[in-house]
Structure formats: C-alpha cells, structure tokens
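The values are calculated or read from the model by the stated rules, or taken from the named source; none is laboratory data. In this text, all values refer to a predicted model and were calculated from it rather than measured experimentally. Note: areas computed on protein heavy atoms with side chains; ligands, DNA, RNA excluded. Shrake-Rupley method; radii C 1.70, N 1.55, O 1.52, S 1.80 Å.
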Amino acid sequence: MVTEGEPTDLVKVLHLLVLSFSWGMQVWVSFIAGFALVWQVTLHTFGLVQSKLFPVYFYCLMGSNFVSLAVYAVYHPRELLDWHETVQMGLYFVALIMAGLNAQWFGPSATEVMFQMREVEKEHGLGNQIGLGSQKEAYAKLKEQDPKYRAYKSTFGRYHGLSNLCNLIGFICTTTNLIYTALNLSTI
C-alpha cells in the first residue's frame, strides 16, 4: 500500500504532539522525577511510588511509540524510503521494542524482586531512611551476611540495569526522531 500525497495538517500535528509527549515524558521520568523523589521520601516509599508509576509510564510510552511508528509508516511506504527515512523508521521501531521490553518484562521483573528485597530489609529495620546514602554500612552488612538478600540484590541490579538501558536507548531514538522532525519542518 503506497500512500500518495502529503499528510494532512491534522496528521502532522498529531504526529508532532505524540512524539513531543513521548520525549517530554521520558525527560521527566528519567531525569527529573526519580532524582527529586529519592531525596524526599523513604526508600520503601520511593520503591512503592515507582512500582505504581512505571507500568503507566511504560505503557504510555509503548502506545505513543506505536502511534508514531504507525503514522510515519503510513506516509513513508517501504518501497519509497530513502536512507534517512529508513534510519528514522528503524529508530521508531527500536523505541517501540524498548518500551515493550520494559512494559512486559524488565519493569515487572525488577518490581517483583524489589518487593522481595524490601521484605528482607524490613526484617532488619532498613528501608525507612530518606535518601540513598543513609545506612550504607547496614545494607552492606546485610548483603554480606544474607545470601538470599545478596541474590535478590544481584537480580534486581540486573533487571534494573537492563530496564535503564532500554529506557536510555528509547530516549535516544525518540530524541533523534524529534530532532530529525524539527529539522524537516518547513517553517515555524
């Protein structure tokens, strides 16, 4: 199916709004909200808030990435793509896959292990302090003495790291697509 002609103004606005929504959400969640929150509430409250917000974030991101990819694909048929359009289409696809991995696998897995860690921490009187730096020695001692906690911590670190990597890759894809779109605006 080859689409002829230019997209309507409404489609252009929708595409730019969805792409901007994705980028703004990624900036807020990845670089502002978490850092602000972690220094204001207890670690267990921070984890609880993240466990409620991240599924919404990942699914909103997945939906907006799907809409961006679909709109772009409709107006850029495979048969007519040049090199730059092929790269941009690939970036939309990669962003969608990264959000999907976080929504379906890494996010829920990290949350599940976080709650298991939390139970062990509660048993040892940890998790009610505000900020990351407090009681480092107590956490290190717990990790050293409790093999179950050490395993949870390792598994959580793996899932959390992969989730962050997917989020960063998705952010780079969205940023690149937003820049490319901005550079191809006919006028402001």
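If you line up the long axis of helix 43-75 against the longest principal axis of the chain, both from Cα atoms, how many degrees apart are they, to the nearest 10? Roughly 10 degrees, rounded to the nearest 10.
Counting only alpha carbon atoms, the long axis of helix 9-27 and the longest principal axis of the chain meet at about 20°.
What a 1.4 Å probe finds exposed on the chain is 68% carbon and sulfur by accessible area, rounded to a whole percent. Take the chain with all the other protein chains still there, run a 1.4 Å probe, and you get 60 Å² of accessible area per residue.
The count of lysine pairs in the chain that are at least 8 places apart or cross chains, and whose C-alpha atoms lie under 18 Å apart, stands at 8. Roughly how many whole Å is it from the C-alpha centroid of the stretch 125-142 to that of the stretch 1-69? Taking the Cα centre of the stretch 1-69 as reference, the centre of the stretch 125-142 is 31 Å away. In sequence order, the stretch 147-162 has phi-based couplings of x, 5, 5, 4, 5, 4, 4, 5, 5, 4, x, 5, 5, 5, x, 5 Hz under the Karplus curve 6.51 cos²θ - 1.76 cosθ + 1.60, θ = phi - 60°, and Gly or Pro positions carry x. Coupling constants for the stretch 101-113 follow from the phi torsions by the Karplus curve (6.51 cos²θ - 1.76 cosθ + 1.60, θ = phi - 60°), and in residue order they are 4, 5, 5, 9, 10, 5, x, x, 5, 5, 5, 4, 5 Hz; glycine and proline get x. Helices in the chain, meaning DSSP H runs of at least 4 residues, each add -39500 (n - 2.57). Divided by all residues, the mean residue ellipticity at 222 nm is -25500 deg cm²/dmol. Here the Karplus curve 6.51 cos²θ - 1.76 cosθ + 1.60, taken at θ = phi - 60°, turns the phi angles of the stretch 76-92 into couplings of 9, x, 3, 5, 10, 6, 8, 4, 5, 5, 5, 4, 5, 4, x, 5, 4 Hz, with x standing for Gly and Pro.
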